[in-house]
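Novice: For reference, the structure I am asking about is given below.
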């Protein structure tokens, strides 16, 4: 690869890494073509990108940025996964799910909101709900008082109807 191409790749990486909410650094030694294809398909379905690049180019791209703390984990063949949405959790979830099924795939480290994460930190990040799940929980919380109020109003009417029905049956016998 000539110097001009390297500069272009470094610039691309800088642009990508400056705009993403989180990064998951992975090791993929020993994965076959089928497994890599399956990983990429899983990531693509979750709107997560996966890049494999030379460590020297990645080190140049992250130098002087908050992501630079990941440079200590850049040894051997690495891939970086990052969400194309603004959800910092989804890349960690997909990578850890894939790592559970494939012993050769390893999550090494991560980065979110200016903080470097070790493997355990990435696991903790993946345990958090996604933005869509949080939105659903918030809507459920907002809807609960209205449902309870409706229940209070309908309970009185249902009870009154039960009393009237019982009285009618008692008078009719």
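Novice: Could you tell me how many of the residues in the range 55-76 are touching a residue at least 40 places away in the same chain (Cβ under 8 Å) and either in contact with a strand residue (DSSP E or B) (Cβ under 9 Å, 6 or more places away or on another chain) or surrounded by 15 or more Cβ atoms within 10 Å (Cβ to Cβ) (or both)? Give the steps one after another, and end with the answer.
Specialist: Filtering the range 55-76 for residues touching a residue at least 40 places away in the same chain (Cβ under 8 Å) gives 57-58, 60-62, 65-67, 69-70, 73-74, 76.
Checking which are either in contact with a strand residue (DSSP E or B) (Cβ under 9 Å, 6 or more places away or on another chain) or surrounded by 15 or more Cβ atoms within 10 Å (Cβ to Cβ) (or both) leaves us with 57-58, 60-62, 66-67, 69-70, 73-74, 76.
The qualifying residues number 12.
Novice: Exactly one of (1) within 24 Å of residue 36 (Cβ to Cβ); (2) in a helix (DSSP H, G or I); (3) at pLDDT below 85 is unmet by residue 85. Its number?
Specialist: Condition not satisfied by residue 85: (2).
Novice: Same structure, new question: Run down 162, 110, 114, 172 and say which single residue is touching a helix residue (DSSP H, G or I) at 6+ places or on another chain (Cβ under 9 Å) and exposed (fewer than 11 other Cβ atoms within 10 Å of the Cβ).
Specialist: On the way: 162 fails: touching a helix residue (DSSP H, G or I) at 6+ places or on another chain (Cβ under 9 Å); 110 fails: exposed (fewer than 11 other Cβ atoms within 10 Å of the Cβ); 172 fails: touching a helix residue (DSSP H, G or I) at 6+ places or on another chain (Cβ under 9 Å).
Only one candidate qualifies: 114.
Novice: Here's another thing I want to ask about it. Please name all residue pairs, on different chains or six or more residues apart, with Cβ atoms under 6 Å, provided the first residue is in the range 1-17 and is in contact (Cβ under 8 Å) with a residue 12 or more places away in the chain and the second residue is assigned to a helix (DSSP H, G or I).
Specialist: Taking only residues 6 or more apart or on different chains, the pairs are 9/57; 10/57; 10/60; 10/61; 13/61; 14/61; 17/67.
Novice: Restricting to the range 134-146, name every residue that is loosely packed, with under 10 Cβ neighbours inside 10 Å and farther than 30 Å from residue 92 by Cα. Break it down stepwise before answering.
Specialist: As a first pass, look at the range 134-146 and keep what is loosely packed, with under 10 Cβ neighbours inside 10 Å: 141-142, 145-146.
Hits for the range 134-146 are 145, 146.
Novice: Take the residues in the range 91-101 that are surrounded by 16 or more Cβ atoms within 10 Å (Cβ to Cβ) and farther than 12 Å from residue 20 by Cα; name whichever of them is farthest from the chain's Cα centre (by Cα).
Specialist: 99
Residue-wise test of (1) at pLDDT below 90; (2) in the same structural domain as residue 121 (by TED's automatic domain parsing); (3) under 20 Å from the mean Cα position of the chain (by Cα).
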position	(1), (2), (3)
14	yes, yes, no
19	yes, yes, yes
22	yes, yes, yes
26	no, yes, yes
29	yes, yes, no
41	no, yes, yes
52	yes, yes, yes
63	yes, yes, no
67	yes, yes, yes
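Novice: I've got another one for you. Would you confirm, using the coordinates I've provided, whether residue 51 is in a strand (DSSP E or B), over 25 Å from residue 133 (Cα atoms) and touching a residue at least 60 places away in the same chain (Cβ under 8 Å)? Reasoning before the result, please.
Specialist: Numbers: in a strand (DSSP E or B): yes; over 25 Å from residue 133 (Cα atoms): yes; touching a residue at least 60 places away in the same chain (Cβ under 8 Å): no.
So residue 51 does not fit the description; no.
Novice: Right, something else. When you look at residue 131, is it surrounded by 10 or more Cβ atoms within 10 Å (Cβ to Cβ), touching a residue at least 40 places away in the same chain (Cβ under 8 Å) and out of contact with any helix residue (DSSP H, G or I) (no Cβ under 8 Å at 6 or more places or on another chain), yes or no? Please lay out each step first, then the result.
Specialist: Working: surrounded by 10 or more Cβ atoms within 10 Å (Cβ to Cβ): yes; touching a residue at least 40 places away in the same chain (Cβ under 8 Å): yes; out of contact with any helix residue (DSSP H, G or I) (no Cβ under 8 Å at 6 or more places or on another chain): yes.
It is true that residue 131 is surrounded by 10 or more Cβ atoms within 10 Å (Cβ to Cβ), touching a residue at least 40 places away in the same chain (Cβ under 8 Å) and out of contact with any helix residue (DSSP H, G or I) (no Cβ under 8 Å at 6 or more places or on another chain).
The values are calculated or read from the model by the stated rules, or taken from the named source; none is laboratory data. Since the model is a prediction, treat every value here as computed from it, not as a measurement. We place every Cβ from the backbone using ideal geometry, glycine too, and count neighbours over all the protein chains shown.
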